[in-house]
Amino acid sequence: MSREIKFILNGNPICIAIEEHWTLLYLLREKLGLTGTKEGCGRGECGACTVLVDGLAINSCLYFAVETDGKNILTIEGLAAEDGSLHPLQKSFIENGGIQCGFCTPGMILSAKALLDENPRPTETDIKQALAGNLCRCTGYVQIIESIEAVVDKRIEDINVVVRETGDSD
Amino acid sequence: MEEFTVIGKRISKVDAVDKATGRALYIQDFKLPGMLYGRILYSKYPHARIIKVDTEKAKALPGVVTILTGEDIPPIRLGVYKDNPPLKSGKVRSCRDEVAAVAALDPEIAKEAIDLIEVTYEALPAIFDPEEALKPEAPLVHEDHKTNVLKMPWNLHYGDVEAARLEAAFNVQERFTTTWVTHCCMGTSGAIADVDNSNNLTVYTNTQIPSLAQKDFQETLKALGVKDRRVRVIKPSIGGGFGSKLDTYAYEHLAILLAWHARRPVKILFEREEEFLATSPRQPTVTYISMGCDREGKLLYRDMSMVLDNGAYTSWGATTPSVMMMPITSLYRVPNVRYTAKCVYTNNTYCQAMRGYGNPQATFAIESAIDMLAEAADIDRVEFRRINSNRPGDVTPQGLRITSCGLPECIDAVSKNLDFGQPREKGIGTGLASLIHVGGGARIYKSDGCGTMIKMDDYGKVDVFTGASDMGQGADTVIAQIVAEELGVKVEDIHVFHQDTDICPWDVGAHASRTTFVAGNSALGAARKIRLRLLAMASKATGVSEDKLVLKDRAFFAEGSPILPLPKLLRSSHFTPKGQMMMADNFYDPENENMGRDFRGNMSATYSFGTHGVRVKVDEATGKVEILDYIAAHDVGRAINPMLLDGQVHGGVLMGVGYALTEQVILENGRNMNPDFRDYKLLTAMDAIHSKPIVIETVDEKGPFGAKGIGEPGCVPTAPAIANAIYDAVGVRIRDLPITPEKVLAAIKKKKGAVSCGIDVFTQKEQPCE
Amino acid sequence: MRLPPFTYNRPQDLDEALELLNAYGKDCKILAGGTDLLVRMKQGLVAPMNLISLKALSELAEIRETATDLKIGAAAKLSDILAYQPVQGRWPGLFESIKAIGAPSIQHFSGTIGGNLCQDNRCQFYNQSRSFRRARQTCNKAGGSTCFAWKGGSDKCHSVCQSDTAPILIAMGAKVVIKSRQETRAIPLEELYSSIGEHPLTLGDNEMLTEILVPVRAPGDGSAFEKLAYRSAIDYAVVSAGAFVQTDGNQMLKASLVIGAVARGPLTIATIEKTLEDRPVGDEQAIDEAAKEAMNAAEAFMANNMTQPVEYRTQMVSVITKRALKLATKRALSNKEVSEAK
């Protein structure tokens, strides 16, 4: 059955007619053309489709589009600031080798964002737990974890400047 | 030491911004106007006659455009052995055999249509064990082939193994087995084929071999009666390769055939389950090894034979013995070597290349046996490896010419960093294993070449058109660094094109860890040609002699000061009468050799070495193995980009750990029982190991700025290093991968005197205890 | 992977939900987090015509402590339970069991406790795609008449209950509240499970799990959950065990043990209560006896429903039992209220 839903997508309000059996992933990729969110398994096992719903990381392949009604959705396309400047996590993944083939990257970055928003000083164990639902075959996870730690440790000075000046760049 | 501005720096991947922002486009993300969606019907049986394929109901389904069965397509044979038609007729030989293909308006209709195709089969006796398949009474997988043994004999004997065996003071003789593991690329396989009105073909596909794929697709066009048309291969961003994309597959050819019939673009995209059951895993092996040394621990001989489960068809998996020969003949100094391998047809899934290309299987047997031999000879296992280490200048029995060789340094680095001398704790142990791999290309084909074209614009921006393929490893970044260094510009001035055969030159493919070495040298050669011209022009323009000019930071320097900006010189070359255009091309084919009939030949221009050391903790009650420390030392010649290099090592190591401990494709009578990430135990971030990569730079004289290949080595010695550590920890030797907790526990129990190791759930037979 | 159409209902309160449930009856599934249901829908294992979403029912997401119970709404998110401060300290077994589910974070932000308890049983021959299943006879669970997991076949379904939270909650004596439009009943959690592989829950078609009541901690008690899996996340248990003990500091007063991932429902090892009662704390032999009882009890149910060998899983029941009992005992001893009680 078709119905109309309203939600905030990457900071912009959106109103769209959807079918009730569509997943959020399908809506994003096939109907809204936001292909940054990837489908790796369709079963909630790989995390490539991770998006944030009201700040929480979820598998959009196991989330009905209809349930986004009234919610705030963030996909990888909405992470950079409006002027195009990258989110500290994006910069850090780029600069610390957190990206190889890149297929898991959008999901990884969003899981990391959900973590850091909730817990700005996570331990390595916290980070590993936060990424446990995001599979990666290329990196062995090491440089992904380091990319997140770099943000946490304020190792990258220009990232800190961005954070101080703009706060959360949602 | 030479000073570089770009080489040796931790430079971000050139495609990373697109990937971090979700802009990078993968095959999943491509849609063409009017595109149809294709889907494949696979066999219900591992071995059966196809009596009838009834497509009537499926054809009647609204939205179905084209249905093809094995009877509808021209004779096309895929693979190195030409035994694999993209749609089967008459007989199916494995559960992944393609029986029919559908193109429809959307993926759901295609799926429904597949369900409506009715196939009548007559089941045939099937064979799943490669050693059983050797027996004369075994059912034949391909009747017209007359035997299940592939006619690809792999036999070598250098020196005199039998004489050496008599001479040896210590000997070991063992059997090792490995099973299927699969690439698990996060982006599944997919292709879009589009045939235009003049029958020119464009294929968007995930491939590591654009130029060879182009040729394969050309063959399929030819089979359709089309000659002399263009085939263009476009390679989107690839969600992981690891060898899985070294061949062309039925689905790509089916996309072409469907597009040809429908006269519309057709996309076939695998779901995850299909990725597990219809792509080709690493080759399983049964290995018999014997090895002996003299009283001082010097290796005297190595004698190995293998049976490889080829599966029902033949892809590159069947040629992995050609690479296994390298560690077998040349890992450590061993004067007398014998090796024989048989690839055997079974009704299992057919196998392919996967990172390491046979080397992990061979090294698992060799390095496990090395530890056992060292113990038999009562020589410290580190010392034993030092005694036998390869050295620069060695020529191995197979004729491999070892030039740069940092193996002794790798062994020392692991020994120092892992601290083998730490006091022992119960259940904790250490192990090590080394590797040799091709590091300067590998002459598998007649050519091992790669082309590059470079063009520079008015402003010092550089377009590099390379034959190399990036699938995430950073080939484009490394090439950009090499060109930037040579042309005195910045990496951000360089744009590397590698995605399109209409634009990019020829290359044999991203395999054998060859890209940095071969494509790097190719790019370096092209850049050098431009550099020489620029220096001549600059000298003319400034009056400073060429040898006094330095090109760096986008300018020419004389005596340390910039005297001419590079863009200015470039513009003058365009805006001067009889001006010139800054373009150059270069085809680089390394000075390596094809193997001869006796399998001798220096297949690579140089070789990479490495040693891994690991400390494990074994839970003796559950058999679970935990990795405490991991050191991976590699001789890489020179680290062009230490960050990407570390990434290759970390990723390779965890893939190796999965191979050692958790990963296996479980086939029950030829059927994949775990086609998902729940039951295929790909390791998660919580299982990640903080491995410590150590880089040994031997600066190879043939490598671009001294670099050697490092794409594959990370996963080569991992399994034996872990197996050796488990032995050190709890005294049990596991000879069968993966080393799952149940195997470790069974071995511990047997050692302690327990009799039963239980019934194997799948074979329903008594499980052999370790 | 798109799903076949259905009607989506989003009731605004519990009464409305129960009304809908009553009206739809069999032809309906309850959607909480969706992490189990959507996967089964995608595999074509279920194709409900109607879904009732619990997402708007804030009353079902509540977590609070009363004098007698920790009350957890059935639709409380796993992440919210973990974040509820008292849980980790006072119900460590529950905390551990939730941590062990799927992947911390992702699944926890969607998954609910009710969903974890009410998830369908699993089997390596059943939880597969349609095309996989079509290559074989239809099994009992899919409406056919054979079982591939049982050697020699069986007229019963031998699927396995993989809930991580059920064993520890049962061991701790949790109750669940079940509601229909007509009635409300509270039953021991144990009774939620039918031990019938085809239909593992005793819920009626018009009934819904609404609340979980976990008894508050008493002096000298301790709980622990142990799970053996090959990976550290996104993995079902090879074997799991929930243990609850009560001591006076010297002797075991009470003990209960429930094994997960071995049988058609959570497997309560009733005999160990007697075995451990009045035995001295730290009596290794007593623990060994209990472990052996657990293993023997589990062995009768072991079927080839997972990829790991049955023999190994059986052996692990003993190991995991010992670990859970020992940890629970250790916690009981360090339970500060013990000394106060003395």
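The values are calculated or read from the model by the stated rules, or taken from the named source; none is laboratory data. Computed from a prediction, not measured in an experiment: that's the story for all the values here. Cβ coordinates were reconstructed from backbone atoms using ideal geometry, including for glycine residues, and neighbour counts include every protein chain displayed. Only protein heavy atoms, including side chains, enter the accessible area calculation; ligands, DNA and RNA are left aside. Shrake-Rupley method; radii C 1.70, N 1.55, O 1.52, S 1.80 Å.
Place a +1 charge on the Cβ of each Lys and Arg in the protein assembly as shown and a -1 charge on the Cβ of each Asp and Glu, then give the dipole magnitude about the Cα centre in debye, rounded to the nearest 20. Show your work: numbers first, answer last.
Working: 144 positive and 160 negative charges, 395 e Å.
Here the size comes out at about 1900 debye.
What is the Å³ per residue value for the convex hull set by the Cα atoms of the protein assembly as shown?
Value for the protein assembly as shown: 186 Å³ per residue.
Using amide H atoms built in the peptide plane, which far-off residues or other-chain residues are under 5 Å from B:LEU628 H to H?
For B:LEU628, the qualifying residues are B:ARG615, B:VAL616, B:LYS617.
I'd like the trypsin sites (Lys or Arg not before Pro) in segment B:359-458 restricted to DSSP loop residues with at most 12 other Cβ atoms within 10 Å, sorted by number. Could the numbers behind the result be given before it?
Working: sites: B:ARG381, B:ARG385, B:ARG386, B:ARG401, B:LYS416, B:ARG424, B:LYS426, B:ARG443, B:LYS446, B:LYS455; in loops: B:ARG424, B:LYS426, B:ARG443, B:LYS446.
Filter output for segment B:359-458: B:ARG424, B:LYS426, B:LYS446.
How big is the dipole moment of chain B about its Cα centre under a simple scheme where the beta carbon of each Lys and Arg is +1, that of each Asp and Glu is -1, and everything else is neutral? Debye, nearest 20, please.
Details: 89 positive and 97 negative charges, 201 e Å.
About 960 debye.
Would you calculate the separation in nanometres between label points at B:PHE4 and B:ARG263, each defined as 7 Å from the Cα along the Cα-to-beta-carbon direction?
According to this spin-label approximation, the distance is 5.5 nm.
Tell me which chymotrypsin sites (Phe, Trp or Tyr not before Pro) from segment B:1-31 have a DSSP coil assignment and no more than 16 other beta carbons within 10 Å of their own. Walk me through the numbers before you get to the answer.
Details: sites: B:PHE4, B:TYR26, B:PHE30; in loops: B:PHE4, B:PHE30.
Answer by residue number: B:PHE4.
Give me the compactness ratio for segment C:40-198, meaning the Cα radius of gyration over 2.2 N^0.38 Å.
Values: Rg = 17.6 Å, N = 159, 2.2 N^0.38 = 15.1 Å.
Normalised Rg, Cα atoms only: 1.17.
For segment C:199-278 and segment B:290-362, what is the centre-to-centre distance using only Cα atoms, to the nearest Å?
50
Which ³J(HN,Hα) values, rounded to whole Hz and listed in residue order, are derived for segment B:664-674 from phi using the Karplus coefficients 6.51, -1.76 and 1.60 in 6.51 cos²θ - 1.76 cosθ + 1.60 with θ = phi - 60°, glycine and proline given as x?
6, 7, 8, 10, 10, 6, x, 9, 6, 9, 9
In the full protein assembly as shown, how much of B:TRP316 is accessible to a 1.4 Å probe, in Å² to the nearest 10?
40
Find the centroid of the Cα atoms in segment C:37-116 and in segment A:19-91, then give the distance between the two in whole Å.
22
Mind listing the long-range amide H neighbours of C:THR7? Cut-off is under 5 Å, sequence gap 5 or more, other chains count too, H placed in the peptide plane at 1.01 Å from N.
Sorted by chain and number, the residues that satisfy this are C:ASN50, C:LEU51.
If you rank C:ILE30, A:ILE144 by how much accessible surface each has, with a 1.4 Å probe, what is the order from largest down?
Values: C:ILE30 55, A:ILE144 0 Å².
Largest to smallest exposure gives the sequence C:ILE30, A:ILE144.
If you build a Gaussian network model of chain A, linking Cα atoms that sit under 10 Å apart, which residue out of A:VAL66, A:VAL142, A:VAL53 swings the most?
In the Gaussian network model the winner is A:VAL142.
With each pseudo-label sitting 7 Å past Cα toward Cβ, what's the A:ILE16-B:GLU122 distance in nm, one decimal?
5.4
For C:GLU198, B:GLU425, give the ranking by accessible area with the largest first, probe 1.4 Å.
Numbers: C:GLU198 50, B:GLU425 120 Å².
Output order, biggest surface exposure first: B:GLU425, C:GLU198.
Let me have the 222 nm mean residue ellipticity of chain C computed from DSSP H runs of 4+ only, each contributing -39500 (n - 2.57), with the sum over all residues rounded to the nearest 500. Let's see the in-between values first.
Working: 13 runs with 111 residues, N = 342.
-9000 deg cm²/dmol, from helical runs alone.
Using a Gaussian network for chain C with springs between C-alpha atoms less than 10 Å apart, which of these wobbles most: C:GLY89, C:GLY242, C:GLY222?
Highest fluctuation of the listed residues: C:GLY89.
Can you pull out the GluC sites (Glu not before Pro) in segment B:479-512 that DSSP calls coil and that have at most 14 other Cβ atoms within 10 Å?
none
Return one whole number: the accessible area per residue of the protein assembly as shown in Å², for a 1.4 Å probe.
Numbers: 44410 Å² over 1282 residues.
On a per-residue basis, the protein assembly as shown sits at 35 Å².
Roughly speaking, what is the centre-to-centre gap between segment B:239-264 and segment C:284-328 when only Cα atoms are used, to the nearest Å?
Their Cα centres are 49 Å away from one another.
Pairs to check: A:LYS71/C:LYS175; B:LYS692/C:LYS227; A:LYS38/C:LYS77. Give those whose C-alpha atoms are more than 32 Å from each other in this structure.
Working: A:LYS71/C:LYS175 34 Å; B:LYS692/C:LYS227 30 Å; A:LYS38/C:LYS77 25 Å.
Too far apart for the 32 Å limit: A:LYS71/C:LYS175.
To the nearest 0.05, how large is the calculated FRET efficiency for B:TYR445 and C:LEU333 if R₀ is 51 Å and r is the Cβ-Cβ distance?
Numbers: r = 70 Å, r/R0 = 1.37.
Efficiency, rounded to the nearest 0.05: 0.15.
Which residues does the label zone of B:VAL550 cover in segment B:517-531, counting backbone N under 20 Å from a point 7 Å along Cα→Cβ?
B:528, B:531
Of all accessible surface on the protein assembly as shown at a 1.4 Å probe, what whole percent is carbon and sulfur? Intermediate values should be presented prior to the final figure.
Details: 22100 of 44410 Å².
Carbon and sulfur together cover 50 percent of it.
Identify all aspartates and glutamates with a Cα-Cα distance to B:LYS548 below 13 Å; exclude those on the same chain that are fewer than 8 residues away in sequence.
Cross-link targets: B:GLU559.
Heavy atoms of the protein only, probe of 1.4 Å, neighbouring chains included. What is the accessible area of C:SER53 in Å², nearest 10?
Number for this one is 0 Å².
Could you identify which residue out of C:ALA23, C:ALA76, C:ALA166 has the top mean-square fluctuation in a GNM of chain C using Cα springs shorter than 10 Å?
Ranking C:ALA23, C:ALA76, C:ALA166 by mean-square fluctuation puts C:ALA23 first.
Taking each residue in A:53-65, count the Cβ atoms of any other chain within 10 Å of its Cβ, then average. What number comes out?
Values: counts 2, 1, 1, 7, 8, 10, 9, 0, 4, 13, 5, 9, 1.
Taking all residues of A:53-65 together, the mean is 5.
Averaged across C:309-319, how many Cβ atoms of other chains sit within 10 Å of each residue's Cβ atom? Present the calculation step by step, with values, prior to reporting the outcome.
Values: counts 11, 4, 10, 12, 2, 1, 8, 7, 0, 1, 6.
The per-residue average across the peptide is 6.
Please list 3J(HN,Hα) in residue order for segment B:537-546, calculated via the Karplus relation 6.51 cos²θ - 1.76 cosθ + 1.60 where θ = phi - 60°; whole Hz, with x for glycine and proline.
Along segment B:537-546, the couplings run 5, 5, 4, 5, 6, 9, x, 8, 5, 3 Hz.
Suppose R0 equals 25 Å; then what is the FRET efficiency for C:GLU273 and C:ILE187 from their Cβ-Cβ distance, rounded to the nearest 0.05?
Given R0 = 25 Å and the Cβ-Cβ separation, E is 0.80.
Place a +1 charge on the Cβ of each Lys and Arg in segment A:88-164 and a -1 charge on the Cβ of each Asp and Glu, then give the dipole magnitude about the Cα centre in debye, rounded to the nearest 20. List each step's numbers first, then the result.
Working: 8 positive and 10 negative charges, 27 e Å.
So the dipole magnitude of segment A:88-164 works out to roughly 120 debye.
With solvent modelled as a 1.4 Å probe, how much accessible area in total do chains C and B shield from it at their shared surface, in Å² to the nearest 100? Kindly include the intermediate steps, with their values, before the conclusion.
On the way: alone 15580 and 29770 Å², together 41900 Å².
Interface area, both chains combined: 3400 Å², rounded to the nearest 100.
Assign one of three labels to chain B, namely rounded, prolate or oblate, based on the Cα gyration tensor with a ≥ b ≥ c the square roots of its eigenvalues; rounded applies when a/c is under 1.5, prolate when it is not and a/b is larger than b/c, and oblate otherwise. Each step should come with its number before you reach the end.
Working: a/c = 1.88, a/b = 1.08, b/c = 1.74.
It comes out oblate by the Cα gyration axes.
Quick one: ranking B:VAL695, C:VAL262 by accessible area, 1.4 Å probe, largest first, what do you get?
Numbers: B:VAL695 60, C:VAL262 0 Å².
Greatest to least solvent exposure: B:VAL695, C:VAL262.
Would you mind checking which residues have amide H under 5 Å from C:VAL176's amide H? H placed 1.01 Å from N; only 5 or more apart, or other chain.
Result for C:VAL176 returns C:ILE187, C:LEU189, C:LEU213.
Would you mind checking segment C:48-85 for residues with the amide N under 17 Å from a putative spin-label position 7 Å along Cα→C-beta of A:ASP117?
C:79-80
Say R0 is 41 Å: what FRET efficiency, to the nearest 0.05, do B:ARG77 and A:GLU124 get from their beta-carbon distance?
Values: r = 52 Å, r/R0 = 1.26.
Working from the Cβ atoms, E equals 0.20.
Report Rg (one decimal) and Dmax (nearest whole number) for chain A, counting Cα atoms only, units Å.
15.7, 51
Each residue of segment C:88-105 in turn: what ³J(HN,Hα) in whole Hz from Karplus with 6.51, -1.76, 1.60 and θ = phi - 60°, glycine and Pro shown as x?
Each residue of segment C:88-105 in turn: 4, x, 9, 10, x, x, 5, 4, 5, 5, 6, 4, 7, 7, x, 10, x, 6 Hz.
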